[in-house]
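**Q** Pasting in a structure now, in structure tokens, and then I'll have a few things to ask.
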Amino acid sequence: MDKLDHIFALQAAFDDELAHRRNLEGDIETWIQREVLAIVSELGELLAEVNFKWWKNPKPIDTESVKEELVDILHFFVSMCLKAGFSAEDIYLAYLDKNKENFRRQDGLSEKEGYAVRDLGK
């Protein structure tokens, strides 16, 4: 089992246990809403770790706290993928396609307009 498959399996086991222990129910719409809100909350916590408040004196960045918030975001993201029927393999393949398209966009080779990097020297 590769690492991403392992992460998905662990998250599925956790989600099942959590739903059982806490008697949680909900359809895909409800779960996606909940998990998007959880990710937004975790993004706020991540943002607080990296001195976004320009009106305050910056504090040293605690890279371990940054990593912890990123893992929290990953937990909710993977959970959402599972509930949407998106496997680790699906994510991997979709990522490959999107990454290729992102490079095509930057090279001006995409059907989508407005992404090509312009030569600012001309």
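**Q** What residue among Leu93, Leu109, Leu24 has the largest mean-square fluctuation in a Gaussian network model of the chain, using Cα springs under 10 Å?
**A** Top of the fluctuation ranking is Leu109.
**Q** For the chain, calculate the relative contact order in percent as a whole number, restricting contacts to Cα pairs under 8 Å that are 6 or more residues apart.
**A** Details: 68 pairs, mean separation 33.8, N = 122.
So the answer I get is 28 percent.
**Q** Using the C-alpha gyration tensor of region 1-88, what are the square roots of 5 times its eigenvalues, in whole angstrom, with the largest one first? Spell out each step's value before the answer.
**A** Values: eigenvalues 168, 50, 23 Å².
Working from the Cα gyration tensor, I get semi-axes of 29, 16, 11 Å.
**Q** Hey, could you get me the Stokes-Einstein D for region 55-117, Kirkwood radius over alpha-carbon pairs, 4 °C and 1.567 mPa s, rounded to whole µm² s⁻¹?
**A** Values: Rh = 14.9 Å.
The calculation lands on 87 µm²/s.
**Q** Hey, in the GNM for the chain with a 10 angstrom Cα cutoff, which one of Lys100, Lys83, Lys67 fluctuates hardest?
**A** Lys100
**Q** Return the distance in nm (one decimal) between the two label points of a simple spin-label model at His20 and Arg118, each offset 7 Å from Cα along Cα→Cβ.
**A** Between His20 and Arg118, the label points sit 5.9 nm apart.
**Q** Relative to a virtual label point 7 Å from the Cα of Phe86 in the Cα→beta-carbon direction, which members of region 6-36 show backbone nitrogen distances below 16 Å?
**A** 7-9, 11-12, 28-36
A short reminder: the numbers here are calculations on the coordinates, not readings from a lab. Everything quoted here is computed from the prediction, not taken from an experiment. Glycine gets a Cβ as well: all are built from the backbone with ideal geometry, and neighbour counts include every protein chain shown.
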